[in-house]
1. Given H placed on each backbone N at 1.01 Å, which residues far from residue 232 in sequence or on other chains put an amide H within less than 5 Å of it?
2. Between region 59-115 and region 120-166, what is the C-alpha centre distance in whole Å?
3. So for 100, 128, fewest C-beta neighbours within 10 Å to most, what's the order?
4. When Lys and Arg each count +1 and Asp and Glu each count -1, what net charge do the other residues less than 13 Å away from residue 258, Cβ to Cβ, add up to?
5. Could you derive backbone 3J(HN,Hα) for region 254-262 from the dihedral phi with the Karplus parameters 6.51, -1.76 and 1.60 (θ = phi - 60°), listing whole Hz in sequence and x where the residue is Gly or Pro?
6. Taking only the Cα atoms of region 131-208, how large is their convex hull per residue, in Å³?
7. Express the relative contact order of the chain as a whole percentage, based on alpha carbon pairs under 8 Å and six or more residues apart in sequence.
8. For the chain, what does -39500 (n - 2.57) per DSSP helix run (n ≥ 4), summed and divided by total residues, give at 222 nm, in deg cm²/dmol to the nearest 500?
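FYI, it's all coordinate maths here, none of it is from the lab. Fair warning: this is a prediction, and the values are worked out from it, not measured in the lab. Glycine gets a Cβ as well: all are built from the backbone with ideal geometry, and neighbour counts include every protein chain shown.
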Amino acid sequence: MDYKTILDCTKPGDLFTSDDEKSIKNTYIELCKKYHPDNAVSGRDEDSLSEEDNAKVMSKINELYVLAMLMSKKGIWEKTGYIKIRKSETKAYEIYYSSDYSFELGHVYLTKKKIIYVIAADKKKYADNLVDNLKKIKYKNSKMEENFSSSMPNIYGYFEDVTGRAIVIMDKAEGYYPLREVVQYYGGKLDPRHVAWIISRLSNIACLLDMNNMTSNGLSIDNLLISPSDHGIAVHGAMFYMTEIGSKMIGTVKDVFEVMPNKVKGNKEAGIDTDLESIKMIGRELCGEKNVVKFRELGDVPDSMKTFLTKGAGRDAYAEFQCWDKSLHESFGARRFVRMEYK
């Protein structure tokens with residue numbers, strides 16, 4: 001393997017072809033023979049490698065070697081696009097994923113039809129909380145349940161791996177992508193018309209939660225997925241913090257804490273107003289400015305939309321939805337589908 005390829009490696013399996021400890025050590029020895037400063041003269045001649053670049057290569061080799069040995073001992077393995085999670089000494093779960101990212105509870109892997117949350121062992125209570133509280137969500141009829149099927153989490157599998165991490169596997173509709181990823185694709189902000197349908201979908205979900213006397217406590221850009229083509233939204237990552245209204249919150253994310261009502265910050269009592277404030281925060285951030293004062297100065301956001309997104313939320317999801325519906329009409333007129341290009 002040439003030095004440029006080594007520098008491009010990000011996962012242990014990109015450099016080491018096997019998760020066997022003996023194989024990892026043998027590969028490491030061979031790489032050291034070529035790239036260790038004490039042995040690397042021939043390597044530098046062959047690859048035109050400077051001493052500075054040689055040091056970078058050796059640093060990368062050492063970094064991935066340590067991680068490879070650690071993973072091998074724990075019974076897990078990773079390479080770009082692949083992760084093996086060991087359920088027991090004899091059973092392993094293999095995931096071939098299209099993208100992945102870290103979040104506050106651990107790591108997320110996305111496949112075409114699944115999303116896998118690997119929750120750190122010391123945060124397992126949030127996974128248990130999700131599983132327990134999802135059972136409390138009820139729908140008025142099968143049609144309503146179908147309408148929310150892509151938006152709300154549906155747990156395909158849940159287990160604890162050999163390292164104590166909680167593995168939560170959820171169904172994911174095709175064509176859904178991390179909202180943060182889409183925002184970055186558009187240069188850090190979205191057209192207000194796209195922000196509008198995202199707010200509408202989140203407001204619908206807030207009404208569902210309020211109807212069930214529940215609140216998510218975790219709505220933020222980093223915990224949402226969207227379908228640009230279908231204008232759908234999924235709140236899978238936000239529901240790890242879900243609790244009944246009036247009960248004590250088990251936690252939240254930094255962005256949500258910043259906009260939580262002061263009373264809630266003090267008594268930690270869950271209320272739907274936390275979700276309603278979070279939706280407004282998401283709307284502002286998607287338009288390009290989360291700060292309320294600076295947001296009011298934006299020139300490309302309709303005035304009625306600005307007013308809604310900067311006005312304090314109430315404690316009734318249905319009343320908020322009516323206010324938003326009025327603002328939506330004043331801002332953009334009659335409803336119409338605005339195509340959103342992505343990938």
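1. Those lying under 5 Å, H to H, from residue 232 are 227.
2. 21
3. On the way: 100 18, 128 15.
So the residues, fewest neighbours to most, are 128, 100.
4. Numbers: positive: 254, 265, 280, 284, 290; negative: 255, 277, 285.
Value of the local net charge: +2.
5. Using θ = phi - 60°, the values come out as 4, 4, 5, 4, 5, 10, 4, x, 4 Hz.
6. On the way: hull volume 11.1 nm³, N = 78.
Dividing the Cα hull volume of region 131-208 by its residue count gives 142 Å³.
7. For the chain, the relative contact order is 12 percent.
8. Values: 15 runs with 156 residues, N = 343.
Calculated mean residue ellipticity at 222 nm is -13500 deg cm²/dmol.
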